[in-house]
Every structure is written in structure tokens, then in C-alpha cells.
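J.: Pasting in a structure now, in C-alpha cells, and then I'll have a few things to ask.
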Amino acid sequence: MAYLKRFARRARRTFGRQESSAEAGGAPALPAFPADGLIGTYAIVRAYLREDLPGRAALEESQGVQWAQMPKIADRMDSFFTESHAALANGRGPYQLAVVGKADGRYAGEVYVETSGEASATYAAAYLPEFRHTRVSMESLMLIPDWLMTTSLHRLEASHSIENVPAHRALLRMSFPVEGVKRLAYPLRTADGIEWYDECCHAMVNENA
């Protein structure tokens, strides 16, 4: 994939009592991220550690990561680290989370979650080339929706370039049905600059929220 599927988030268990974004003076809150992270059989999704930062800088320049809006950190690692932890603490997001292998702790990539409205979020993921199509990457993709669907979140959205067939298949396997296509809405970096592609939109709905 361009290995991003879209994006990461939040800091309260219930939306029923939260203020509106206008009243709160910012984006709606995300559900509080577990302090110990999300732990699977092969992967762990957690807050960034400083030891992860060189891997994160390598990720944004790795082959296949073309998503034009991916935050660049190579020249601002300290501020990225501080900002990512502040976003988790205040619950406003975006949540930028490290993916590491459970067996060896190696940095594999990032899951990104942000609010897209009251009780809704969008998420994406990007992986270093050696971790794409592995148990670590595939499990980490599911850890986020598995967690968020146990909270009061109502909708979780993801999208990809219409030409990204692996991402499309992965989202369908994860029970993210297609909701539509936006024309020329997905920016990708190319050798010639930014190019715009049609964006395929998926979403998962929590009917129990």
C-alpha cells in the first residue's frame, strides 16, 4: 500500500457528557487511549518512546509512503515527541502512535487517529517496507478498531487512493464497507510534486454506541 489507511484519536470514554467542539474551543475529544497501549499477539500500539524517533524519521522517507499530508519530523524530533504525548494527554488528538513488534520491540510504523466530528474518527497507518504484509502490521491495523468499537465512538472512517488495491482489500477484510468515492481528493507525493487521486471512503459504525 502507500501504507496509510487513515487516521488516529481521543480522550474521554463518553461523548454524552462532553462539550460541543465550539463550547470546548477545539476538536471533539477522542476516547482516552489506554496507558499501557494496545497489546496483541504480534504487535503493540503505544505512545512514542524517544528510541522510536529514528524509525519514525525513516518511515516518512521510505519507499511507498506517498501520503502528502503525513507530518514530517526528521528535523523536529523533540517537538514531535512532546506534541504526540500532549495530544494523548488532552484527548484532542491527533493520536500519533508507534507500532512495534511484540517479540522484539522493533519499530514497525505508525497508526494515526484524529477526530472527524462528534463521536467519529478517522485513522490511517504507515509501515516501514520490511513490516508491510506481516503479522505485526496486519494485527496493528485491527487493534485500533477493536479498541474504538468498545468505546462510545459511533463511526470510524478510513480511506485510500482509488488505485491502492491492497488497502482496499485490507479494509474490506476488516469490515470497513465502501461508502463512496471522492473525486481527486487524495494527495500523493510523486517525483513531480503533489498529484491528486480519487479517494475511496470506507467506514465502520458502532451500533452499540
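J.: Residues of region 103-127 being surrounded by 24 or more Cβ atoms within 10 Å (Cβ to Cβ) and touching a Leu at 6+ places or on another chain (Cβ under 7 Å), which ones?
T.: Hits for region 103-127 are Ala108, Gly109, Glu110, Val111, Val113, Thr115, Ala121, Tyr123, Ala124, Ala125, Ala126.
J.: Name the residue, out of Tyr3, Tyr48, that is at pLDDT 80 or above, more than 18 Å from Ala121 (Cα to Cα) and assigned to a loop (DSSP other than H, G, I, E, B).
T.: None of the others qualify; the one that does is Tyr48.
J.: Looking only at region 93-107, decide whether some residue is under 20 Å from Pro166 (Cα atoms) and at pLDDT below 95.
T.: There is no residue in region 93-107 that is under 20 Å from Pro166 (Cα atoms) and at pLDDT below 95.
J.: Within the bounds of region 174-182, is there any residue that is over 24 Å from Ala47 (Cα atoms) and of a type in the set (Phe, Trp, Tyr)?
T.: Yes: region 174-182 contains one or more residues that are over 24 Å from Ala47 (Cα atoms) and of a type in the set (Phe, Trp, Tyr).
J.: Related question: Could you identify the single residue in Arg183, Arg189 that is modelled with pLDDT under 95 and open to solvent by 40 Å² or more (accessible area, probe 1.4 Å)?
T.: None of the other options fit; the residue is Arg189.
J.: Still on this structure, please answer the following. Grab the strands (runs of 3 or more DSSP E) fully contained in region 102-209, keeping just those with 2 or more residues being touching a helix residue (DSSP H, G or I) at 6+ places or on another chain (Cβ under 9 Å) and of a type in the set (Gly, Ala, Ser).
T.: 107-117, 120-127, 155-161
J.: Do the conditions hold for Glu130, that is, is it touching a Gly at 6+ places or on another chain (Cβ under 8 Å), open to solvent by 20 Å² or more (accessible area, probe 1.4 Å) and farther than 15 Å from Leu38 by Cα?
T.: No.
J.: If you go through region 187-206, how many residues are under 24 Å from Ser62 (Cα atoms) and either touching a residue at least 40 places away in the same chain (Cβ under 8 Å) or among the basic types (Lys, Arg) (or both)?
T.: 7
J.: Read through the list (1) at positive phi; (2) in contact with a strand residue (DSSP E or B) (Cβ under 6 Å, 6 or more places away or on another chain), then give the number of the only condition that Tyr112 fails.
T.: Of (1) at positive phi; (2) in contact with a strand residue (DSSP E or B) (Cβ under 6 Å, 6 or more places away or on another chain), only one is false for Tyr112: (1).
J.: Separate question: Name the residues in region 51-92 that are at pLDDT 90 or above and either touching a Ser or Thr at 6+ places or on another chain (Cβ under 7 Å) or β-branched (Val, Ile, Thr) (or both), would you?
T.: Thr82
J.: Same structure again: Please determine whether any residue of region 148-155 is within 25 Å of Ser62 (Cβ to Cβ) and surrounded by 18 or more Cβ atoms within 10 Å (Cβ to Cβ).
T.: Scanning region 148-155 turns up no residue that is within 25 Å of Ser62 (Cβ to Cβ) and surrounded by 18 or more Cβ atoms within 10 Å (Cβ to Cβ).
J.: Can you name every residue in region 40-55 that is of a type outside the set (A, V, I, L, M), out of contact with any helix residue (DSSP H, G or I) (no Cβ under 6 Å at 6 or more places or on another chain) and either open to solvent by less than 30 Å² (accessible area, probe 1.4 Å) or closer than 16 Å to Ala103 by Cβ (or both)?
T.: The answer is Thr41, Arg46, Asp52, Gly55.
The values are calculated or read from the model by the stated rules, or taken from the named source; none is laboratory data. These numbers come from a predicted model, not from an experiment. Glycine also receives a Cβ, built like all others from the backbone with ideal geometry; neighbour counts cover every protein chain displayed. We work out accessible area using only protein heavy atoms, side chains counted, and drop any ligands, DNA or RNA first. Shrake-Rupley method; radii C 1.70, N 1.55, O 1.52, S 1.80 Å.
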